[in-house]
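Taking it in order: structure first as C-alpha coordinates, then the write-up.
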Amino acid sequence: MKIGHIPHVTITRPTDAFYLFDKEKRLLQFPFIIGPITVEADAYDAEYSINRVEFLVDGVLQNTDTIAPYNWRWSTPSFFTHTVTVTAYNDVGNCSSQTLKVWKIF
(Lines give C-alpha, C1' and ligand atoms only; values in the text may rest on other atoms or scores of the structure.)
Protein backbone atom coordinates (compact mmCIF):
# COMPACT_ATOMS: atom_id res chain seq x y z
CA MET A 1 0.00 0.00 0.00
CA LYS A 2 1.27 3.45 -0.85
CA ILE A 3 1.29 6.35 1.58
CA GLY A 4 -1.87 8.33 1.19
CA HIS A 5 -5.56 8.26 1.81
CA ILE A 6 -7.67 5.10 1.56
CA PRO A 7 -10.80 5.30 -0.62
CA HIS A 8 -14.21 4.27 0.69
CA VAL A 9 -16.53 1.90 -1.16
CA THR A 10 -20.05 0.74 -0.37
CA ILE A 11 -22.18 -1.74 -2.27
CA THR A 12 -25.54 0.02 -2.59
CA ARG A 13 -27.32 -2.61 -4.68
CA PRO A 14 -28.31 -5.34 -4.20
CA THR A 15 -29.41 -4.91 -0.61
CA ASP A 16 -31.13 -7.39 1.69
CA ALA A 17 -34.11 -8.00 -0.58
CA PHE A 18 -35.68 -10.32 -3.13
CA TYR A 19 -34.95 -9.27 -6.73
CA LEU A 20 -36.79 -10.63 -9.74
CA PHE A 21 -35.16 -9.71 -13.07
CA ASP A 22 -33.46 -6.60 -11.63
CA LYS A 23 -36.53 -5.31 -9.78
CA GLU A 24 -36.67 -5.24 -5.99
CA LYS A 25 -39.83 -7.02 -4.85
CA ARG A 26 -39.61 -7.25 -1.05
CA LEU A 27 -37.19 -6.97 1.84
CA LEU A 28 -35.43 -10.09 3.13
CA GLN A 29 -32.59 -10.78 5.54
CA PHE A 30 -30.16 -11.39 2.65
CA PRO A 31 -29.97 -10.66 -1.10
CA PHE A 32 -31.87 -13.29 -3.14
CA ILE A 33 -31.73 -12.73 -6.90
CA ILE A 34 -33.53 -14.42 -9.76
CA GLY A 35 -32.25 -13.34 -13.17
CA PRO A 36 -29.90 -10.50 -14.06
CA ILE A 37 -29.11 -7.80 -11.49
CA THR A 38 -27.37 -4.43 -11.67
CA VAL A 39 -24.71 -4.27 -8.97
CA GLU A 40 -24.12 -0.67 -7.87
CA ALA A 41 -21.50 0.90 -5.62
CA ASP A 42 -20.58 4.30 -4.20
CA ALA A 43 -16.87 5.07 -4.10
CA TYR A 44 -15.17 8.24 -2.93
CA ASP A 45 -11.94 9.56 -1.54
CA ALA A 46 -11.64 12.90 0.24
CA GLU A 47 -8.03 13.38 -0.87
CA TYR A 48 -7.63 11.72 -4.29
CA SER A 49 -9.75 10.82 -7.30
CA ILE A 50 -11.17 7.36 -7.77
CA ASN A 51 -9.21 5.70 -10.56
CA ARG A 52 -11.39 2.62 -11.01
CA VAL A 53 -13.91 0.33 -9.34
CA GLU A 54 -13.68 -3.43 -9.88
CA PHE A 55 -16.55 -5.91 -9.57
CA LEU A 56 -15.67 -9.51 -8.72
CA VAL A 57 -17.76 -12.64 -8.23
CA ASP A 58 -16.16 -15.40 -6.17
CA GLY A 59 -12.77 -13.73 -6.63
CA VAL A 60 -12.99 -13.51 -10.44
CA LEU A 61 -12.94 -10.05 -12.03
CA GLN A 62 -16.16 -9.41 -13.96
CA ASN A 63 -16.02 -5.70 -14.79
CA THR A 64 -14.04 -2.51 -14.25
CA ASP A 65 -15.81 0.85 -14.19
CA THR A 66 -13.90 4.13 -14.34
CA ILE A 67 -16.76 6.63 -14.31
CA ALA A 68 -19.35 7.24 -11.58
CA PRO A 69 -21.99 6.05 -11.04
CA TYR A 70 -20.18 2.74 -10.61
CA ASN A 71 -22.23 -0.25 -11.69
CA TRP A 72 -22.16 -3.56 -13.52
CA ARG A 73 -24.99 -5.69 -14.91
CA TRP A 74 -24.56 -9.31 -13.76
CA SER A 75 -26.37 -11.26 -16.46
CA THR A 76 -24.30 -14.46 -16.49
CA PRO A 77 -26.35 -17.45 -15.34
CA SER A 78 -25.31 -18.40 -11.81
CA PHE A 79 -26.71 -20.69 -9.17
CA PHE A 80 -26.59 -20.78 -5.35
CA THR A 81 -24.44 -18.55 -3.12
CA HIS A 82 -21.76 -16.22 -4.37
CA THR A 83 -19.50 -13.59 -2.92
CA VAL A 84 -19.64 -10.22 -4.66
CA THR A 85 -16.63 -7.99 -4.00
CA VAL A 86 -16.36 -4.37 -5.07
CA THR A 87 -12.93 -2.74 -4.84
CA ALA A 88 -12.24 0.97 -5.33
CA TYR A 89 -8.77 2.26 -6.25
CA ASN A 90 -7.62 5.86 -5.95
CA ASP A 91 -5.04 7.70 -8.08
CA VAL A 92 -2.10 6.70 -5.86
CA GLY A 93 -3.00 2.98 -5.96
CA ASN A 94 -4.61 2.60 -2.54
CA CYS A 95 -7.76 0.51 -2.41
CA SER A 96 -10.54 -0.73 -0.20
CA SER A 97 -13.19 -3.39 -0.73
CA GLN A 98 -16.60 -4.44 0.44
CA THR A 99 -17.99 -7.94 0.04
CA LEU A 100 -21.54 -9.22 0.01
CA LYS A 101 -22.90 -12.78 0.05
CA VAL A 102 -25.82 -13.27 -2.32
CA TRP A 103 -28.07 -16.08 -3.50
CA LYS A 104 -28.53 -15.99 -7.26
CA ILE A 105 -30.54 -18.21 -9.53
CA PHE A 106 -30.25 -17.82 -13.30
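The values are calculated or read from the model by the stated rules, or taken from the named source; none is laboratory data. Bear in mind the structure is a predicted one, so any value in this text is a computation, not a measurement. Please note: Cβ atoms are built from the backbone with ideal geometry, for glycine as well, and neighbour counts cover all protein chains shown. In case anyone asks, the SASA skips ligands and DNA or RNA and just uses the protein heavy atoms, side chains included. Shrake-Rupley method; radii C 1.70, N 1.55, O 1.52, S 1.80 Å.
Tabulated results
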quantity: Computed magnitude of the charge dipole of the chain (debye, nearest 20; Cβ of K, R +1, Cβ of D, E -1); calculated: 400
quantity: Alpha-carbon Rg/Rh ratio, for the chain, with Rh computed the Kirkwood way; calculated: 1.01
quantity: Farthest positive-ward along the stretch 1-88 dipole, Cα basis, beta-carbon charges - from P7, Y70, F18; calculated: F18
quantity: Probe 1.4 Å, accessible area per residue of the chain, Å²; calculated: 58
quantity: Scattering curve values for the stretch 28-72, log₁₀ I(q)/I(0), Debye with Cα scatterers, q = 0.24, 0.29 Å⁻¹; calculated: -0.95, -1.13
quantity: Non-local Lys pairs in the chain, i.e. 8 or more apart or on different chains, that have alpha carbons under 23 Å apart; calculated: 4
quantity: Charge dipole of the chain about the Cα centre (unit charges at C-beta), most positive-ward option of Y44, L61, I105; calculated: I105
quantity: Computed E for F106/T38 - FRET, C-beta separation, R0 22 angstrom, nearest 0.05; calculated: 0.90
